[in-house]
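Here the structure is laid out as structure tokens; the discussion comes afterwards.
The values are calculated or read from the model by the stated rules, or taken from the named source; none is laboratory data. Model, not experiment: these values are computed from the prediction. Positions of Cβ are backbone-derived with ideal geometry, glycine not excepted, and every protein chain shown enters the neighbour counts. Surface areas here come from the heavy atoms of the whole protein model, side chains and all, with no ligands, DNA or RNA. Shrake-Rupley method; radii C 1.70, N 1.55, O 1.52, S 1.80 Å.
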Amino acid sequence: MKQYSAEFFGTFWLVLGGCGSAVLAAAFPNVGIGLLGVSLAFGLTVLTMAFAIGHISGCHLNPAVSIGLWAGGRFPAQKLLPYIVAQVLGAIVAGGVLYLIASGKADFNLAAGFASNGYGEHSPGGYSLTSALVTEIVMTMMFLIIILGSTDARAPQGLAPIAIGLGLTLIHLISIPVTNTSVNPARSLGVAIYVGDWALAQLWLFWVAPIIGAVLGAYVYKFISSEDAAN
């Protein structure tokens, strides 16, 4: 239960910190943090939680990461469902807290998206479903390669949280204009459930694509890190 609780609070922090920065601070009059600030905020949530709870639960904070680690032989199958449930619950509670905060502003409007992920007319840059699908698969694949590589026993020890946090920052810098960046089904659900309508209708992509990408990343890392590949 301590591991599951750590995943709950870690995912809570990721959604509150990342989506919160997008909803509350990205376009704040005159001093908004913009896409760079939101990208950094998502990276910082993972970096801080990796140091805080990495030694307790591994700090997955993401169903796709848990599935990718399982596919890569780093995580037991029996813990997969409880981890995903804890992550989803943490994300939903964070979305609720963010809603309570954001709705205290007079002109708050859920129709603005509430940091939800989307494609087509709901993509920040108007990108198509195909663009969104490719982006989420490739970005999640690279995220898993970063995670598996930086936590490999052969990698420099103690630096994985920095690599993973900066990796997520870079992913957001690339892909916020395309999908608002998911690479995390729990993060997508945590805000979409409050928006409803189009956000829930498009949510399928932000579960399917990250999971496919995570599994691909696990197999790519298995291949490039094997002794046969090294030789």
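Using modelled backbone amide H atoms (1.01 Å from N, in-plane), which distant-in-sequence or interchain residues come within less than 5 Å of Val183's amide H?
Correct list: empty.
So, counting K/R as plus one and D/E as minus one, what does the shell of residues with Cβ under 15 Å around Ser128 add up to?
Here the charged neighbours net out to -2.
Express the relative contact order of the chain as a whole percentage, based on alpha carbon pairs under 8 Å and six or more residues apart in sequence.
It rounds to 30 percent for the chain.
What is the Rg over Rh value, at two decimals, for the range 110-231, using alpha-carbon atoms and the Kirkwood definition of Rh?
On the Cα set of the range 110-231, Rg over Rh gives 1.05.
Where in the range 163-193 does the label zone of Leu36 land, with the point 7 angstrom along Cα→C-beta and an amide N cut-off under 19 Å?
The answer is 166-178, whose backbone nitrogens lie closer than 19 Å to the label point.
Return the Rg/Rh value of the range 16-112, two decimal places, where both radii are evaluated on C-alpha atoms and Rh is the Kirkwood radius.
1.06
Which of the helices in the chain meet the span-like rule: DSSP H, Cα axial reach of 20 Å or more, Kyte-Doolittle mean at least -0.5?
Taking the DSSP H segments of the chain (at least 20 Å long, mean hydropathy at least -0.5), we get 2-20, 34-57, 80-102, 129-150, 160-179, 205-225.
Determine Rg/Rh for the range 64-170; Rg is computed over alpha-carbon atoms and Rh is the Kirkwood hydrodynamic estimate from the same atoms.
1.04
Using Cα-only point scatterers and the Debye equation, what is log10 of I(q)/I(0) for the range 1-63 at each q in 0.15, 0.17 Å⁻¹, rounded to two decimals?
For the range 1-63, the Cα-only Debye profile gives -0.46, -0.56.
For Cα pairs less than 8 Å apart in space and 6+ apart in sequence, what is the mean separation divided by the residue count of the range 91-213, i.e. the relative contact order in percent?
Dividing the mean separation by the residue count of the range 91-213 yields 41 percent.
Taking the alpha-carbon centroid of each part, what is the distance from the range 42-77 to the range 93-139 in angstrom?
23 Å
Rounding to the nearest 20 debye, state how big the charge dipole of the chain is about its Cα centre with +1 on each Lys and Arg Cβ and -1 on each Asp and Glu Cβ.
For the chain, the charge dipole is close to 360 debye.
Pop out the carbon and sulfur fraction of the accessible area of the chain as a percent, whole number, probe 1.4 Å.
Of all accessible area on the chain, carbon and sulfur atoms account for 69 percent.
Ser226 to Leu170: FRET efficiency via 1/(1 + (r/R0)^6), r the Cβ-Cβ distance, R0 30 Å, to the nearest 0.05?
Given R0 = 30 Å and the Cβ-Cβ separation, E is 0.70.
For the chain, what does the helix formula give at 222 nm: sum of -39500 (n - 2.57) over DSSP H segments with n ≥ 4, over the residue count, nearest 500 deg cm²/dmol?
-22500 deg cm²/dmol
Consider just the alpha-carbon atoms of the chain and return their Rg together with their Dmax, both in angstrom.
Every Cα atom of the chain included, Rg and Dmax give 16.9, 63 Å.
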